[in-house]
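First up is the structure itself, then whatever we jot down about it.
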Amino acid sequence: MNLKDCNNVEDFKKLAKKKLPSPIFHYIDGGSDDEVTLKRNTEAFNSCDLIPNVLADVSKVDLSTTVFGKKIDFPLFLAPTAMHRLYHHTGEAAAAKAAEKMGTMFSMSTMSTTSIEEIGNLTSCPKLFQLYIHKDKGLTDNLIERCKRSGFDGLCLTVDTVVAGNRERDHRTGFSTPPRLTLGSLLSFASHPQWSLNYLLREKFKLANIIHMTDKGSSIDKSVMDYINEQFDPSMNWNDAEYCIKKWGGPFALKGVMSVEDAKRSIDIGASAIMISNHGGRQLDGSRSPFDQLAEIADAVGDKIEIILDGGIRRGTHVLKALALGAKACSFGKAYLYALSAGGQKGIEMILENMKSEIRRDMILMGCKSVKELNKSKIRFR
């Protein structure tokens, strides 16, 4: 199987599994506990159906939308995901350049392996930075100031990771950052020599945005879960979120909002957007899927705050269903990490092109000239 054989997310996933050592692949692919929520994130889209209209003259279709004050060419962008150099040696630079080429937004994680400054200088596409609040408050302030200097367009604060989810796949595979050889993982690394050589011979792994402030950024001889539990601040509260919003002073989302109550409070503290998300099913297993919660939240606050649906997106029809229920746009993470692993920048360009083509074709089949025409009249739950 080669990159040219990849026609959908599942194909990119299969190729990623072929190219990555087992601990690295399963870190992307896995969820928490029994992975019930992980599966539900995508399955939830099957609980409803689209209703097309015909004879609508769809010779010209406008897929564009605006998020965080920036226009993007189609309503799907790259969600913030950590440590891209684990999946491909070109790292976050590949994802940012692919987003720019495809006319969409790139989101960068605090736990990225490329620095804020590098990405700021690399592309002119819309850029979103995803913030975690560490116990060291000076680190939070530093990240916000650096994003301002580097021309980022928006910030989002992840609010569902005050403690790490129980990611049992990582326990079984022995995943750690940086990856280390164990009896269990040795065979998998040895059987993927191209990945192993790239990892060993190219730039040293580091968490580029925090390495200058904590030695944990370069010498994490433990699991990601341990890092989260040691470094992230479990006392984070609404006052901390409001502080970050005010310090940033621009478009700002809370990522991980799953209830109407929290959506309303996000408005109260000055957030301009919310990302309905359960961290890709990697935190609280047994929780609702983002799509399950979308209609209720959109009905309550959709006219007051920008809503982004994050989680489970695998098809263009998923995006259309989310927009019909009130989302302004969608973001996805796992899907483009499969593509990054499968083929670097080219892989991400391909998966974005595939998704854009699906959205456009599905819009035509729906009889919609613009994403603004997608509303509840276009969808029915069984």
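Every number here is computed from the coordinates shown, using simple stated rules; none is lab data. Quantities reported herein were computed from a predicted structural model and do not represent experimental measurements. Note that we place each Cβ from the backbone using ideal geometry, even for glycine, and neighbour counts take in every protein chain shown.
Taking a straight Cα-Cα cut-off under 15 Å and skipping sequence neighbours fewer than 8 places away in the same chain, the aspartates and glutamates within cross-link reach of K304 are E261, D262, D268, E296. Shown for region 3-373 is the translational diffusion coefficient from the Stokes-Einstein equation, using the Kirkwood radius over Cα pairs, a temperature of 20 °C and a viscosity of 1.002 mPa s: 104 µm²/s. Cross-link partners of K137 among lysines, defined as those whose alpha carbon lies under 22 angstrom from its own and excluding same-chain residues fewer than eight positions apart: K148, K206, K216, K246, K247, K255. In a DSSP loop and with at most 10 other Cβ atoms within 10 Å, there are no trypsin sites (Lys or Arg not before Pro) in region 319-369. Over every Cα atom in region 1-158, the radius of gyration and the widest Cα-Cα span, Dmax, amount to 18.4, 59 Å.
Rounded to the nearest Å, what's the spacing between the alpha carbon centres of region 301-352 and region 243-299? Just the number, please. Spelled out, the Cα-based centre of one part sits 16 Å from the other.
Please state the relative contact order of region 95-169 as a whole percent: Cα pairs under 8 Å, 6+ residues apart?
30 percent.
In the chain, helices alone account for a calculated mean residue ellipticity at 222 nm of -12500 deg cm²/dmol, with every DSSP H run of four or more residues adding -39,500 (n - 2.57).
Dipole check for the chain: with +1 at the C-beta of Lys and Arg, -1 at the C-beta of Asp and Glu, and the Cα centre as origin, the magnitude is about 880 Debye. Phi angles of region 370-382 translate, via the Karplus equation with coefficients 6.51, -1.76, 1.60 and θ = phi - 60°, into HN-Hα couplings of 9, 4, 5, 7, 7, 8, 5, 5, 9, 8, 9, 8, 6 Hz per residue; Gly and Pro are given as x. Of the trypsin sites (Lys or Arg not before Pro) in region 56-135, the ones in a loop by DSSP (not H, G, I, E or B) with at most 12 other beta carbons within 10 Å are K60.
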